[in-house]
1. What FRET efficiency comes out for ARG250 versus GLU201 if R0 is 45 angstrom and r is the Cβ-Cβ distance? Round to the nearest 0.05.
2. Using only Cα atoms, find the angle between the long axis of helix 31-42 and the longest principal axis of the chain, and express it within 0 to 90 degrees, rounded to the nearest 10.
3. Just subtract the alpha-carbon distance of ASP292 and SER20 from 0.36 nm times their residue separation and send over the number in nm, one decimal.
4. What does the charge count around LEU99 come to, taking other residues whose C-beta lies under 11 Å from its C-beta (Lys +1, Arg +1, Asp -1, Glu -1)?
5. Calculate one ³J(HN,Hα) per residue across region 251-259 by plugging θ = phi - 60° into the Karplus curve 6.51 cos²θ - 1.76 cosθ + 1.60, and present them in order as whole Hz with x for glycine and proline.
6. Compute the distance in nm between two label points, each set 7 Å from the Cα along the Cα-to-Cβ direction, one at ALA2 and one at ASP176.
7. Report the calculated FRET efficiency for ALA353 and CYS276 (r = Cβ-Cβ distance, R0 = 22 Å), to the nearest 0.05.
8. Excluding GLY131 itself, what net charge comes from residues whose Cβ is under 14 Å from its Cβ, given Lys and Arg +1 and Asp and Glu -1?
Amino acid sequence: MALVTDAGSFRDLPAPPEESGPDGPLGWQGYDASRARAAGRTGERESVVCGTASVAGTRAVLIAFEFGFLGGSLGERTGDRLVAAYTHARAHRLPVVPLVATGGSRMQEGMLALTQLQRVARQSALTREAGLPQIAVLRDPTTGGGWATLGAGADVVLALPGAQVGFAGSRVRPPDADPAAYTAEAQVAAGSVDAVVEPAEVREVLGRWLRLLSRGTPLDGGRVVAADVPAALGAAGLPGTGWEAVRRARSPRRPRCRAYLDAYFTHRAGISGDRCGGTDTDGMLCGFGERDGRTVAYAAQTGAATRPAGYRTAARLIRLADRLGAPVLTLVDTPGAANDAEAERQGAGPAIAEVFGAVAAARVPVTTLVIGEGGSGGALALAAPGNTWATPDSYFSVIAPELAAAILKRGPGQVEATAGQLRLRPQDLVELGVVRGIVTHEGSAEGPGGAGRGGRPRP
């Protein structure tokens, strides 16, 4: 608690009544004595402490595990406290922050302890439906059902360095298991944790996440305003030919998504991982940022071929923004989806389908800017129908000109002409109605004969 809360801000939530027979529901001999010793050691009556507090100025419901109380295990009384904490969060429209340190379910309560995970999962689901964020901080250790519900079930998952994180605890793993796989750092690499945070930085990082994720507009009657179109950062003039458009979009001197994100946001925080075992930080950047005092979610391609984990992370981002009532900005810049054998084994098609579905189902507005290469369906998946814009140094095409020429059985000398026939230049895309307009360095968005969002009429 002291690590993350503002001084003097914590207030305990009332603990539910405790009802249990001698030695618990199973009559486990010595259980009452074990609980008494745990209470004497820790000063707590249960393995979780629940209350409200401010974290860097933002109020939240905190659930802190006391590992010294029977290994931070979950029992019936733990479940009662967790249900009460989540219920209080929804009643008062507060985010939930589990500070997890647990070995799993309590042996002395058998299946009644294990079924508390279902209660926790239900409360987490209700909180998601209410549009409230859940941000978990994983401490050492975070294992068993506590990891599989309160930890991994959160919207954003942070972890302390070196923390043991895994479904299997150290005493139940296979004897030849690599212990390095059960660490916070390994879970980041596997796409299950967003970031490892140093203890001295936890309050600041957690506070930033709470501010960003608590600013959304409730979707039950509230209207979410679309994100502004970013200003162009690269070349100003329009390309004369299709092949010139391709060359400019592929230029190593052209600004990439990091430059656009830095110029657009006051500050931002990234999510990482697809929660399915993969990451693609080389091909896709996702997260939330502050723009003119409000929160905007972003999914930005980096210019590389996007891998399946990148698409799944983007889909995760868009669905989270939709639940929280935050508008979404997508930046399109890829020669196409990764098409190597490993990408196919990782489910490239289903991953791209996830993004198409997330954009199509989003209730919040999605704004798209094509900042470089727009290569086929791997780029189109991120594009907002009816609200996609382009920079002067970009193109969007059904397929790369070289591949189009190969499919049409044309020689290398016909690639440039094929690029022209594809009508992939920004001005072609406007005339075809594929994009709404071309953005300028001043941030206006010019369409055919009129102005786009925030723009001015084109001369």
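1. Details: r = 38 Å, r/R0 = 0.85.
Once the sixth-power term is evaluated, E becomes 0.70.
2. So the inclination is approximately 70 degrees.
3. Numbers: separation 272, 0.36 × 272 = 97.92 nm, distance 5.34 nm.
Contour length minus the Cα-Cα distance gives 92.6 nm.
4. So the surrounding residues net to 0.
5. Using θ = phi - 60°, the values come out as 5, x, 7, 5, x, 9, 5, 4, 5 Hz.
6. 4.6
7. On the way: r = 14 Å, r/R0 = 0.63.
In this case the efficiency is close to 0.95.
8. Numbers: positive: ARG90, ARG93, ARG128, ARG215, ARG319, ARG323, ARG363; negative: GLU129, ASP155, ASP220, ASP322.
Net of charged neighbours comes to +3.
Any read-out appearing in this document is the output of simple, stated calculations on the displayed coordinates, not a laboratory observation. The model shown is predicted, which means the values in this text are computed figures rather than measured ones. Counting neighbours? That spans all protein chains shown, and the Cβs are built from the backbone with ideal geometry, glycine included.
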